[in-house]
Amino acid sequence: MLFQQIRGATSIITFGGVRFLVDPFLARKGTLPAVPSPWNNSPNPLVELPLPVEDIVAVDAVIVTHMHHFDHFDRAACEALDKALPVFTRNEAEAEDMRTSGFRHVEALTAEGADFRGVTLQKTEALHGKGEAAARNYAQFGLPSEACGVLFSAEGEKRLYIAGDTVWFQGVADVLEKFRPEVVALNAAWAQFYDGTPILMGPEELAGVAASAPQAMLIATHMDAVNHARLDRAHLRRFVRERGLEGRFLIPEDGEILNLPFQGKA
């Protein structure tokens, strides 16, 4: 299993011999507007891609956990990806939107699982912000609030859980308890709306995942790329040291490849 951090929530996962591109966000630095934020109003994305786009899109399949948030699927990705690539989406409505965008082989993920070249992909629940405040903020911007995670399994591989854009809630706890994944990737940017409503996990929630999944190596991703995030790599590394969790968390730089489930670069 290889996990390559690209930028933000975008990664390339080689699993069961299959190369998956997850949540392609391929815009050039600063070409998209900022999300309203009292902390940082820089345009998005905050950094350039670490690799040429043609290298990033050289994959076997694409997974999009929620296509209508720009930092998980953007116009640049739509233009760069081969429309013949298999694409897996959060639900059938987003699958149909992908087909309308020209993609010819699109399948909606389900909790029961879809098989692709010997890899089983199961949809998991995600909660992209809690309560009335989150719902009100999403409505204000005309954005859907739903997202999903994905559980990967294949013969000869450790189980991998991509939690997706979510805060800590019972759905995440249930996946950790039921499936006991050995590798867990967490979107750890602690992104928040202008009023402080969190829509991704923060440091304390990440520590909670570590306590709930003592068998798992944890990957922290989705940092240092979008302006409404509150947590960056430097602060998370300090938090991990202070909590004595250095042996549990991998915090890859953009472009870095992790050889999993064992710690280290490929």
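The values are calculated or read from the model by the stated rules, or taken from the named source; none is laboratory data. Bear in mind the structure is a predicted one, so any value in this text is a computation, not a measurement. Neighbour counts are summed over all protein chains in view; Cβ atoms, including those assigned to glycine, are modelled from backbone coordinates with ideal geometry.
Some observations on this one:
- Gln122 meets each of the listed conditions (1) outside any helix (DSSP H, G or I); (2) without any contact (Cβ under 8 Å) to a residue 60 or more places away in the chain; (3) closer than 23 Å to Pro198 by Cα apart from (3).
- Qualifying residue in segment 227-236 (condition: surrounded by 23 or more Cβ atoms within 10 Å (Cβ to Cβ) and either assigned to a loop (DSSP other than H, G, I, E, B) or modelled with pLDDT of 95 or more (or both)): yes
- Extreme residue, farthest from the chain's Cα centre (by Cα), among residues of segment 132-155 that are touching a residue at least 60 places away in the same chain (Cβ under 8 Å) and assigned to a helix (DSSP H, G or I): Ala133
- Condition met for Arg75 (surrounded by fewer than 20 Cβ atoms within 10 Å (Cβ to Cβ) and basic (Lys, Arg)): yes
- Matching residues, segment 220-239, being over 18 Å from the mean Cα position of the chain (by Cα) and small (Gly, Ala, Ser): Ala234
- Residue satisfying condition, being more than 17 Å from Thr65 (Cα to Cα) and not aromatic (Phe, Trp, Tyr), within set Gly129, Gly202: Gly202
- Subset of segment 87-104 (residues that are surrounded by 14 or more Cβ atoms within 10 Å (Cβ to Cβ), in contact (Cβ under 8 Å) with a residue 12 or more places away in the chain and over 20 Å from Val172 (Cα atoms)): Val87, Phe88, Glu94, Ala95, Asp97, Met98, Ser101, Phe103
- Within segment 150-175, tally of residues that are in contact with a helix residue (DSSP H, G or I) (Cβ under 8 Å, 6 or more places away or on another chain) and among the charged types (D, E, K, R): 1
- Residues in segment 105-163 that are of a type in the set (S, T, N, Q), surrounded by fewer than 18 Cβ atoms within 10 Å (Cβ to Cβ) and at pLDDT 90 or above were compared, and the one that is farthest from Arg19 (Cα to Cα) is Thr110.
- Hits in segment 188-238 (condition: farther than 21 Å from Asn259 by Cβ and among the charged types (D, E, K, R)): Asp195, Glu204, Glu205, Asp224, Arg230, Asp232, Arg238
- Qualifying residue in segment 212-219 (condition: under 15 Å from the mean Cα position of the chain (by Cα), in contact (Cβ under 8 Å) with a residue 40 or more places away in the chain and outside any strand (DSSP E or B)): no
- From the list Arg238, Arg159, the lone residue that is of a type in the set (D, E, K, R) and within 25 Å of Leu2 (Cα to Cα) is Arg159.
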